[in-house]
Amino acid sequence: MTQAPALPVWRSMLFVPVTVARFVEHAAERGADALILDLEDSVPAGEKQRGRDLVPQAAATVARNGADVVVRINRPWRQALRDIEAAVSPAVQALMLTKVESADHVGMIAEIVDELEAERDMVPGATKFVALIETAGAFFRMAEIARAHPRLVGLSVGAEDFALAVGMLPEAEGLFYPKQQMIIAARAAGILPLGFIGTVADFRDLDAFRAVIRRSRRLGFAGASCIHPSQVAILNEEYRPSAEELAKADRVVAAYDAATVAGIGAIELDGKMIDVPVVERAKQVLAQHRAVMAREARARP
């Protein structure tokens, strides 16, 4: 596995239509790890340029409590170029790239961002990418896309667009296979698999949403985007280790360390065999907890 350095902690990524002032004003209060200023679907064609003009001030506003700022750009190249010009700045941590078709697609955007960062006296590589798989052709190139560039820190399947592209309904049954493939491609590349098995369209049934997120984390997702503030707390809670998981992980690591000192390779704990994969999983749980705690420490109340 190629491990990307310093992956962000993005349990929750809340979409914010950049042209709707009341959403921008209150976004920082929602508790999301990242706020996605949207220049794509939530912005009508006639409002695109106004949306770009609003990005600098909106980025400062939504970040005031410590959330990372992500800007979702449009796919048609002429629109995308204008979006990138407007978005790249020290106030924006990442771009969300829509309808990514290939590794070359990512590379071309990276080349543009290289130039903009240099022109704007930014740290090279400061602007990270999240790639969205939203077409049938891109599905077959997910592994290459996931490894396309060091700027890439996350991968996701855009459920609604992908389902439309392949002629199916955006339901869990049909999305399971492509999203599972995405998880494997992202993990193999050392980046974040983002999302859940389902869509972001129905936000009213929060109990059902929690059940979906809990299952999705078990399948390997690391965080997800959402369209309504009521979903943020659920994502933050479910995409972090529970107190029970932490206690178990601590016990596993402690027991195995003691066994190692005693020259024992595998042990039994609570009636189950504890060997290297189990211990490594426990260490991952503890590392994830530390990362979440550091993320929360950076955020201001």
Checklist entry - Of everything in the range 239-260 that's among the hydroxyl-bearing types (Ser, Thr, Tyr) and free of Cβ contacts under 8 Å to residues at least 60 places away in the same chain, which residue is farthest from GLU280 (Cα to Cα)? => result SER242
Next on the checklist: So in the range 142-160, with the set limited to residues that are out of contact with any helix residue (DSSP H, G or I) (no Cβ under 7 Å at 6 or more places or on another chain) and part of a loop (DSSP other than H, G, I, E, B), which one is nearest to LEU194 (Cα to Cα)?
Outcome noted: GLY158
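Does GLU47 satisfy being under 28 Å from ARG30 (Cα atoms), acidic (Asp, Glu), open to solvent by 10 Å² or more (accessible area, probe 1.4 Å) and free of Cβ contacts under 8 Å to residues at least 40 places away in the same chain?
yes
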Checklist entry - Here are some residues: ARG11, ARG30, ARG82. Which one is closer than 18 Å to LEU235 by Cβ, open to solvent by 40 Å² or more (accessible area, probe 1.4 Å) and modelled with pLDDT of 95 or more? => result ARG30
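Residues checked against (1) out of contact with any Cys (no Cβ under 6 Å at 6 or more places or on another chain); (2) open to solvent by 50 Å² or more (accessible area, probe 1.4 Å); (3) modelled with pLDDT of 85 or more; (4) over 25 Å from ALA6 (Cβ atoms):
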| position | (1), (2), (3), (4) |
| --- | --- |
| TYR256 | yes, no, no, yes |
| GLY263 | yes, yes, no, yes |
| LEU269 | yes, no, no, yes |
| LYS272 | yes, yes, no, yes |
| GLU280 | yes, yes, yes, no |
| ARG295 | yes, no, yes, no |
| ARG300 | yes, yes, no, no |
Item to check | Within the range 50-79, considering residues that are exposed (fewer than 14 other Cβ atoms within 10 Å of the Cβ) and of a type in the set (Lys, Arg), the one nearest to the chain's Cα centre (by Cα) | outcome: ARG64
Checklist outcome for this item: By residue number, the members of the range 282-293 that are open to solvent by 80 Å² or more (accessible area, probe 1.4 Å) and polar (S, T, N, Q) are GLN284
Item to check | Residues (without any contact (Cβ under 8 Å) to a residue 60 or more places away in the chain, in a helix (DSSP H, G or I), small (Gly, Ala, Ser) and surrounded by fewer than 19 Cβ atoms within 10 Å (Cβ to Cβ)) located in the range 161-205 | outcome: ALA165, ALA172, GLY174
Next on the checklist: Can you go through PRO193, PRO170 and tell me which one is within 26 Å of LEU7 (Cβ to Cβ) and not β-branched (Val, Ile, Thr)?
Outcome noted: PRO193
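The values are calculated or read from the model by the stated rules, or taken from the named source; none is laboratory data. Not measured: the values here are computed from a predicted model. All Cβ positions, even for glycine, are placed from backbone atoms using ideal geometry, and neighbour counts span all protein chains on display. Accessible surface is based on the protein model in full, side chains and every heavy atom, while ligands, DNA and RNA are left aside. Shrake-Rupley method; radii C 1.70, N 1.55, O 1.52, S 1.80 Å.
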